[in-house]
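Let me begin by presenting the structure, written as structure tokens, before commenting on it.
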Amino acid sequence: MHSPLFEQIYAECSKLEQYLEEARQFCDLGKVADYIPELTHANCSMIGLSLLDTNNKNIQLGEYSIPFTLQSISKVLTLILALMDHGEDVVFEYVGMEPTGDVYNSMLKLELVPPGKPFNPLINAGAIVITSLIKGDTPALKYERISNFVKELCGRTNISYNEKVYASEKLTADRNRSLAYFLKDVGVLKGNVDEHLDVYFKQCAIEVTCHDLSRIGMLLANQGVDPITKKEIFPARYAQIASTFMVTCGMYNESGEFAIQVGFPAKSGVSGGIIGFVPHQFGIGVIGPALNDKGNSIGGLHLLKQISKQFKLSIF
Ligand code: GLU
């Protein structure tokens, strides 16, 4: 499918370069995530962008080829896989559909609102439950299925998780561990907590590039179908569910502001990655490890705001 919007951006690519360099100036005002110690080694002033349309036409700028870990962006992918494994009726028995207004790793509403079902699949509590639902007789098989799905989404087989980031999170994940044990206590999380967490830490540590994110975004934009091979990688209904969560809860407690200032489905992670897309047009991948106080890439946000404003990308 031809994307006139993408062609226009392509023709005015020098503007994107200008926005990228402007966005780089903002990086000094942010801070890399340090609660996972290994993430502090990221280069704070790095910023990269990739756009990929449904004709496989690509725009890549800045440090677009540097690998980084998926972190919370993985939550969108495991949500789709869990939906493919069980269907929406079962999945929504375990997680809700509402934004929380609390920070992503909050425990508050789990206790306040019985029966302790996580409000949505993009907060940590919800994502850990979603990971527990992934089919597979052992943790290794569950992870393998997640990894194979990510490979298919990225269109390449040489994808793996970063051992150091995984080990670093595993050593320091007291908050996630406490969330998971609480969920087990109230009966929302079944099975072995440490095994589920191990799979969750691995999925968060899977390494991708901006190009990979733009390809996954492009698949969401194209409702789950690979436009080149015409293969359905995931059903359109699950693309719709994932996209809706990205709009309502994808950018932590800045999702409302992001919807107003940028205006398309997106999900960020604490490594500084952002995945986004313009429906039926193209996918977007951004990296900028310096984060603002809400946990979103400070340079990445600036860049997306500028691009959206210039090319009128808001879907609203
Ligand atoms: N692995 C991270 C955690 O669970 C992901 C958080 C994020 O990217 O928002 O804390």
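Summary table below
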{"item": "All positions within segment 261-281 that are β-branched (V, I, T) and either more than 19 Å from Q223 (Cβ to Cβ) or within 16 Å of the ligand (Cβ to nearest atom) (or both)", "result": "V262, V270, I274, I275"}
{"item": "Residue in segment 52-59 that is modelled with pLDDT of 95 or more, loosely packed, with under 15 Cβ neighbours inside 10 Å and of a type in the set (D, E) present", "result": "no"}
{"item": "Cβ pairs under 6 Å, 6+ apart, first in segment 19-46 and touching a residue at least 40 places away in the same chain (Cβ under 8 Å) and in a helix (DSSP H, G or I), second of a type in the set (K, R) and within 16 Å of the ligand (Cβ to nearest atom)", "result": "E38/K164"}
{"item": "Filtered residues of segment 47-58 (kept if farther than 15 Å from F277 by Cα and not in a loop (DSSP other than H, G, I, E, B))", "result": "G48"}
{"item": "Given (1) away from the ligand (no atom under 14 Å from the Cβ); (2) crowded, with 23+ Cβ neighbours inside 10 Å; (3) closer than 23 Å to R156 by Cβ, number of the condition F258 does not satisfy", "result": "(3)"}
{"item": "Output for segment 90-112, where each listed residue is loosely packed, with under 14 Cβ neighbours inside 10 Å, closer than 15 Å to I130 by Cβ and not hydrophobic (A, V, I, L, M, F, W, C)", "result": "E93"}
{"item": "Scan of segment 289-313 for residues that are small (G, A, S) and away from the ligand (no atom under 14 Å from the Cβ), ordered by number", "result": "A290, G299, S308"}
{"item": "Selection status of L122, touching a residue at least 24 places away in the same chain (Cβ under 8 Å) and within 13 Å of the ligand (Cβ to nearest atom)", "result": "yes"}
{"item": "Members of segment 58-82 found to be farther than 29 Å from S3 by Cα and away from the ligand (no atom under 13 Å from the Cβ), listed by number", "result": "A82"}
{"item": "Close pairs from segment 245-270: first in contact (Cβ under 8 Å) with a residue 12 or more places away in the chain and within 18 Å of I307 (Cβ to Cβ), partner away from the ligand (no atom under 16 Å from the Cβ) and among the β-branched types (V, I, T), Cβ under 7 Å, at least 6 apart", "result": "A259/V247; G263/I315; F264/V278; F264/I315; P265/V247"}
{"item": "Selected residue (criterion: surrounded by the fewest Cβ atoms within 10 Å (Cβ to Cβ)) from residues of segment 23-40 that are within 16 Å of the ligand (Cβ to nearest atom) and not aliphatic (A, V, I, L, M)", "result": "D34"}
{"item": "Residues satisfying the stated conditions in segment 148-176, i.e. small (G, A, S) and within 16 Å of the ligand (Cβ to nearest atom)", "result": "A167, S168, A173"}
{"item": "Within segment 263-280, tally of residues that are surrounded by fewer than 24 Cβ atoms within 10 Å (Cβ to Cβ) and in contact with a Ser or Thr (Cβ under 6 Å, 6 or more places away or on another chain)", "result": "1"}
{"item": "Selection within segment 83-109 - away from the ligand (no atom under 15 Å from the Cβ) and closer than 24 Å to G295 by Cα", "result": "V95, G96, M97, E98, G101, L108, K109"}
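The values are calculated or read from the model by the stated rules, or taken from the named source; none is laboratory data. Everything quoted here is computed from the prediction, not taken from an experiment. Reconstructed Cβ throughout: ideal geometry from the backbone, glycine too, with neighbour counts over all protein chains shown.
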